[in-house]
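The structure appears below as structure tokens.
The values are calculated or read from the model by the stated rules, or taken from the named source; none is laboratory data. Since this is a predicted model, take the numbers as computed values, not measurements. Neighbour counts are summed over all protein chains in view; Cβ atoms, including those assigned to glycine, are modelled from backbone coordinates with ideal geometry. Please note that ligands, DNA and RNA were not included when accessible areas were found on the heavy atoms of the full protein model with its side chains. Shrake-Rupley method; radii C 1.70, N 1.55, O 1.52, S 1.80 Å.
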Amino acid sequence: TAGPPLLAVEGVSVFYGKAQALDAVDLQVREGEFVSVVGLNGAGKTTLFNAISGLVPHTGSITFGGAPLAGLSAARIARGGIVQCPETRELFNTMSVRENLDLGGAHLPKSDRARQLDWLLELFPILRSRSAQAAGKMSGGEQQMLAIARALMMKPRLLVLDEPTLGLAPVILEQLGRALEVLRTTTPITVLLGEQNVTFALPHADRVYVLEHARLVWEGPPARFAEEAGRAYL
Ligand code: ATP
């Protein structure tokens with residue numbers, strides 16, 4: 001499969017003061033790929049995603065759709081199609097589920113917005129039954145699904161999911177996993193997923209990177225992970 005990758009991260013480093021959080025990271029994501037970055041707490045996943053989203057300063061180069069992102073604001077990068085669903089979810093807690101979703105699709109033409117909403121309520125049925133409920137009153141797992149649905153309302157070219165499983169109960173993990181699998185197999189969406197939970201991250205991934213102490217130390221298909229990289233995780 002030729003052609004330039006949708007996202008190309010080259011030699012990206014990030015420092016917080018003297019502490020190096022990313023060290024010369026190279027990573028590519030092709031259009032339509034589902035790529036997982038696995039790493040323990042503190043390895044640098046959030047920092048990598050924040051660099052991509054324009055939220056932390058970095059050295060090295062990041063290009064999206066062939067164009068360098070250097071100098072673009074986070075808002076510009078989001079409008080350009082990179083939508084990050086942060087660990088902290090950032091929902092509007094006093095607004096209803098439906099209102100949160102509507103905000104995600106605010107920039108879409110009305111007919112698009114309705115179609116997108118229908119599709120998302122099918123993907124996450126729980127959100128249909130909770131449509132009028134305040135986002136802040138839902139369980140952690142429901143909030144996570146809402147945050148992902150809202151990000152999808154924006155019709156991203158690249159959806160970045162930062163540790164969606166954090167703190168979720170097993171039954172919710174299963175629901176979330178099913179939704180991601182439907183996404184992966186029925187839509188052309190491109191996803192970059194950061195996870196500590198390898199058991200969750202591997203089954204959905206077309207390709208996996210391992211991030212360890214600010215460095216990418218392995219890259220390959222999930223089928224080779226256990227043998228070549230899994231010792232520290234499994
Ligand atoms: P987590 O599972 O906690 O999200 P992570 O893999 O996403 O972990 P990061 O949050 O990117 O890791 O953190 C990478 C390293 O940088 C850690 O050692 C962390 O303590 C440090 N760090 C993160 N943010 C800051 C900051 N604003 N100032 C200083 N150090 C930071």
Problem set entry | Degrees separating the helix 110-123 axis from the principal Cα axis of the chain, which is the longest one | 80 degrees
Seminar exercise, completed: Subtracting the Cα-Cα distance of Leu55 and Ala106 from 0.36 nm times their residue separation yields 16.1 nm
Problem set entry | Linear extension gain, Glu227 paired with Glu99, 0.36 nm per residue minus alpha-carbon span | 41.5 nm
Seminar exercise, completed: For segment 142-234, the percent of accessible surface on carbon and sulfur atoms (probe 1.4 angstrom, ligands and nucleic acids excluded) is 54 percent
Exercise. Taking a label point 7 Å from the Cα of Glu10 along the Cα→Cβ vector, which residues of segment 43-65 have an amide N closer than 20 Å to it?
Worked result: 48-49, 51-54, 57-65
Problem set entry | Rounded accessible area per residue of the chain, 1.4 Å, Å² | 48 Å²
For this session: With both partners inside the chain, how many of the DSSP beta bridges are antiparallel, as a percent to the nearest 5?
Result: 55 percent
Exercise. If you build a Gaussian network model of the chain, linking Cα atoms that sit under 10 Å apart, which residue out of Ala132, Ala205, Ala179 swings the most?
Worked result: Ala132
For this session: Would you check the accessible area of Ser13, probe 1.4 Å, heavy atoms only, in square angstrom rounded to 10?
Result: 20 Å²
Exercise. How high is the relative contact order of the chain, given as a whole-number percent (alpha carbon pairs under 8 Å, six or more residues apart)?
Worked result: 27 percent
For this session: Using label points projected 7 Å from each Cα along Cα→Cβ, tell me how many nm separate Ala114 and Ala67, to one decimal.
Result: 3.1 nm
Problem set entry | Computed [θ] at 222 nm, helices only, for the chain once each DSSP H run of length n ≥ 4 contributes -39500 (n - 2.57) | -10500 deg cm²/dmol
Exercise. How about Lys45: which lysines have a C-alpha closer than 28 Å to its C-alpha, ignoring those fewer than 8 places off in the same chain?
Worked result: Lys18, Lys155
